[in-house]
Every structure is written in structure tokens, then in C-alpha cells.
Amino acid sequence: MRRRFTSAAVVAALALALAACGGLNENSPEPAGGGSASKNVTVRLASNDFTEQLILGDIYKQALEKAGYTVDYKSKLGPREVVAPALESGQIDMYVEYAGSALAILAKKEGVKDPDEIYNQLKAYYAPKQITPLEQAPMTDSNAFTVTSETSQKQGIKSMEDLPGKAESLVLGGPPECAERVTCLKGAQDAYGFKVKQFRPIAQGGLKYQALTKGDIQMALSFTTDGAIAQNNLVILKDPKQVFPEDHAVPVVRNDLLAKAGQEFQTTVNNVSAKITTDEIAKLNAKVDIDQEDPADVAKEWLAAQGL
């Protein structure tokens, strides 16, 4: 769910985001590391700028710190168009991707349905970039268009196949990059042949759902693991053409870090990933978005409960 920027815009956005996070200057002092030689490295971990990413980022950060690694965490670094170039250029070492969307947006390979095939093609895409996707989590989170139950009943909308002829009266709200994403509005319009009355840029989170329930917008771009969906009795529109790919969370890591960090790094990350199910991450999202808990506290509590 991230907009395609021009190269100049990406560079500018990345520079601003990194500066806001304290920069990634080679001369910047690194926190003191500890443990064995393989752990005498700093893992530069980043996250995107929405709730689930903040939780996942802190889960991996805290697990790696517990294992003895030093983590320089760039929380809320930005959307994929900022974070992905930072990984490729070596300004960060690791972040958590979403396999289906990454394949469609970064590798420009749309329409792949099988999760194993998505994962294998993603590994092939990253290989020449000296980046490795580690094991993907069982959890899946996909884009979805949601409407209130009232709108669904009144307009007769239960699927995106119902949108032609009806979406013209609906304002869609979502993050700015949704408008041009093949895994968001553009891809949905091309596949289902509808046009919305207006697209209104709204960041992911509580404000978007407030706008939806108040009627300021009539349809929202959601993530299927958003806790607000159940809380507000929202209807997820069906996507029979599978425009929105199945997204397993998958940590992507630079090979140079993997070489320096040792096997325990991969083992730690993979052990964490194996525990992150769809139900678990949905509950954690709800704790942050609905109960207003801090992502770092939620991550710590979850890790303890999982014995990690």
C-alpha cells in the first residue's frame, strides 16, 4: 500500500526520513555490542509506518536484543518506497516485508497465487540484490476494501464485483500510495471496472476508521488483520479475482549482515516468525489500535507469552 514515487522523490523522502530518525551516517557512533564475535555487529532494523509494522518491528528488535545483538531500530521509517531502497542501498539491514505485495510491487510480478511460489519468486528477485528473505510467518495479512454494514446493505455491496455502477457514489479513504498501487485502488479498478466518486488520502489507523463510521468516507482501504474491522462490524468486500495478494510477513535481510551475525541470528528470527499467526497478530493490532497500548509493550508481553 505504498505509492510509486519518482526516483528523485524517493531519494528526497529517504533522506528526510533517515534524518528524522537520527541518520545513518557511517561516522555516527554505534551502540556498544555484546556477546560473541558473531554478535559484535549492529542490526539496523526498520519498520513501515503503520500499527502492525510497529508491533512486528519491536517483536524482532526485542528478540534479537534478548539473543545478545545490538539493534539500531528505525521505527516508522516510511512506506515501502522509502524502506525498500534503504535496504537495497545498505542504509538498513533488515525489515519485515509482505510477500505477495512485495512481489507485485517491487518485482512487478502480478497474479501469482500460490504462497510457496510467491516466496520462491521473491527469493529469486532479491538474490542479485544480495538480500535474503528468511522464513515467512504463518500469518497472512492482505489489503481489503471495507464498508459499514449499513452501506453494504443499503448499496447491495458485498464484493468488489458489486462496485461497478455503485462505487461512483462512494468516497474511498486510504493511505496516499493506494491510489496508484496495483495491489490497491488502481489494480482493483482495472480488474473490476469501477470508479469511485473520490479518493481521499488518509493515513492508516484510527482516523481512517473514524471517518468511515462517521460517513465522511464510505469505503476504506483496510488490512485484514485490523482490529477495528470486528470492533466496528465492518464488511470486508470479497475479492474473487484475488487482486489483493496473500501477504505472509517475511523478514528480508542483507546478506552482508547474515554473514557477520552468525547462524544464531537466522535461528532467532526464524523462531520468532514461526510463532506469528494471523489470529495472534490481529489480537496484537487490536491492543494497540483499540486499547491504546504501546507497540513496544505489546511486543514484550507477546514475546514473554511465547517463551521467546
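Annotation note: Cβ proximity below 7 Å between a residue of the range 260-284 that is β-branched (Val, Ile, Thr) and a residue that is assigned to a helix (DSSP H, G or I) and buried (at least 19 other Cβ atoms within 10 Å of the Cβ) (sequence gap 6+ or interchain) occurs for 268/63; 268/64; 269/60; 272/59; 272/60; 272/63; 281/52.
Would you say residue 241 is outside the structural domain of residue 46 (by TED's automatic domain parsing) and either crowded, with 16+ Cβ neighbours inside 10 Å or not in a strand (DSSP E or B) (or both)? Considered against the rule, which asks whether it is outside the structural domain of residue 46 (by TED's automatic domain parsing) and either crowded, with 16+ Cβ neighbours inside 10 Å or not in a strand (DSSP E or B) (or both), residue 241 comes out as yes.
Scanning the range 196-211 for residues that are in contact (Cβ under 8 Å) with a residue 12 or more places away in the chain and under 19 Å from residue 152 (Cβ atoms) returns 196, 197, 208, 209, 211. Of all the residues in the range 244-279, those that are surrounded by fewer than 19 Cβ atoms within 10 Å (Cβ to Cβ), within 24 Å of residue 231 (Cα to Cα) and touching a helix residue (DSSP H, G or I) at 6+ places or on another chain (Cβ under 7 Å) number 1. On the stretch given as the range 69-87, residues that are touching a residue at least 60 places away in the same chain (Cβ under 8 Å) and out of contact with any Cys (no Cβ under 8 Å at 6 or more places or on another chain) total 9. The set of residues from the range 265-296 being of a type in the set (Val, Ile, Thr) and part of a helix (DSSP H, G or I) comprises 267, 268, 269, 272, 278, 281, 288. Scanning the range 68-98 for residues that are on the phi < 0 side of the Ramachandran plot, surrounded by fewer than 19 Cβ atoms within 10 Å (Cβ to Cβ) and in contact with a Ser or Thr (Cβ under 7 Å, 6 or more places away or on another chain) returns 70, 72, 75. Among the residues of the range 75-115, those identified as within 17 Å of residue 177 (Cα to Cα) and β-branched (Val, Ile, Thr) are 82, 83, 105.
When every residue of the range 123-133 is checked against the conditions, at least one turns out to be in contact with a strand residue (DSSP E or B) (Cβ under 6 Å, 6 or more places away or on another chain) and aliphatic (A, V, I, L, M).
If we scan the range 39-48, do we find a residue that is small (Gly, Ala, Ser), buried (at least 24 other Cβ atoms within 10 Å of the Cβ) and not in a loop (DSSP other than H, G, I, E, B)? Yes: one or more hits.
The values are calculated or read from the model by the stated rules, or taken from the named source; none is laboratory data. Everything quoted here is computed from the prediction, not taken from an experiment. Neighbour counts are summed over all protein chains in view; Cβ atoms, including those assigned to glycine, are modelled from backbone coordinates with ideal geometry.
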